[in-house]
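Scroll down for the structure; my scribbles are underneath it.
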Amino acid sequence: MSGKLDAIDVKILQQLQKDCTISTSELAERVGLSQSPCWRRVQRLREEGYIRAEVALLDPEKLGYQLHVFAQLKVSYLTDADREKFIRAIASIPEVVECYSILGERDALIKVLAPDIRWYQDFIFQRILKLPGVQDISSIVALSEMKNTTALPVHAD
């Protein structure tokens with residue numbers, strides 16, 4: 001990032017993480033600026049990449065996803081081409097909402113939203129085990145959600 005964050009930038013980012021639908025005038029009032037300087041700061045924060053996107057957060061349960069499953073994948077050695085196929089395949093599966101390359105005995109960690117355990121079982125056999133190089137899966141089903149936030153800690157430089 002090219003710029004540094006000051007206290008006003010931090011306040012703007014904190015407010016937008018709570019509700020990005022507020023008007024510039026409301027945002028300006030909350031952070032103690034007039035409307036034009038606030039708008040310019042928001043534009044700068046977008047241009048510098050601090051704000052990547054503004055989205056609506058949906059309720060998974062209302063959409064029928066009752067289970068949150070964290071699956072650790074053991075993947076065999078992949079050529080560069082196979083690795084790219086794996087990444088593209090994971091990216092194309094909407095129920096896989098997060099995927100990370102990890103250190104340790106396993107190679108990847110995915111978060112899957114599933115309607116029920118039977119669906120998840122079929123999903124593992126029909127989709128995940130058919131991905132390039134996937135040898136084994138270890139799954140953890142979350143019993144309850146104790147914390148879930150998209151808000152990042154923001155501090156001034």
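Being in a strand (DSSP E or B), of a type in the set (D, E, K, R) and free of Cβ contacts under 8 Å to residues at least 60 places away in the same chain is the filter here, so list the residues in segment 69-98 that pass it. Spell out the reasoning first.
Step one: filter segment 69-98 for residues in a strand (DSSP E or B), giving 69-75, 96-98.
When the remaining residues are screened for being of a type in the set (D, E, K, R), the result is 74, 98.
Once the filter is applied, which keeps residues that are in a strand (DSSP E or B), of a type in the set (D, E, K, R) and free of Cβ contacts under 8 Å to residues at least 60 places away in the same chain, segment 69-98 yields only Glu98.
Going through Asp116, Asp122 one at a time, which residue ends up being surrounded by 10 or more Cβ atoms within 10 Å (Cβ to Cβ) and either touching a residue at least 24 places away in the same chain (Cβ under 8 Å) or assigned by TED's automatic domain parsing to the domain that holds Gln15 (or both)? Walk me through how you get there before you give the answer.
Working: Asp122 fails: either touching a residue at least 24 places away in the same chain (Cβ under 8 Å) or assigned by TED's automatic domain parsing to the domain that holds Gln15 (or both).
Answer to the check: Asp116.
Got a number for residues in segment 125-157 being outside any loop (DSSP other than H, G, I, E, B), in contact with a Leu (Cβ under 9 Å, 6 or more places away or on another chain) and touching a residue at least 60 places away in the same chain (Cβ under 8 Å)? Give the steps one after another, and end with the answer.
Pass one, segment 125-157, residues outside any loop (DSSP other than H, G, I, E, B): 125-126, 128-130, 134-141.
Among the residues that remain, those that are also in contact with a Leu (Cβ under 9 Å, 6 or more places away or on another chain) are: 128, 134-138, 141.
With the extra rule that they be touching a residue at least 60 places away in the same chain (Cβ under 8 Å), the set shrinks to 134-138, 141.
Qualifying residue count for the region: 6.
Please give the number of the condition Leu33 fails out of (1) assigned by TED's automatic domain parsing to the domain that holds Asp122; (2) modelled with pLDDT of 95 or more; (3) not polar (S, T, N, Q).
In the conditions (1) assigned by TED's automatic domain parsing to the domain that holds Asp122; (2) modelled with pLDDT of 95 or more; (3) not polar (S, T, N, Q), Leu33 misses (1) alone.
When you go through Gly64, Gly104 one by one, which is the residue that is at pLDDT below 95 and either within 30 Å of Ala142 (Cα to Cα) or surrounded by 10 or more Cβ atoms within 10 Å (Cβ to Cβ) (or both)? Explain how you work it out, then say what you get.
Numbers: Gly64 fails: at pLDDT below 95.
Among Gly64, Gly104, only Gly104 is at pLDDT below 95 and either within 30 Å of Ala142 (Cα to Cα) or surrounded by 10 or more Cβ atoms within 10 Å (Cβ to Cβ) (or both).
The values are calculated or read from the model by the stated rules, or taken from the named source; none is laboratory data. For clarity, every value in this text was computed on a predicted model and none was experimentally measured. As a convention, Cβ positions derive from the backbone with ideal geometry for all residues, glycine included, and neighbour counts pool all protein chains shown.
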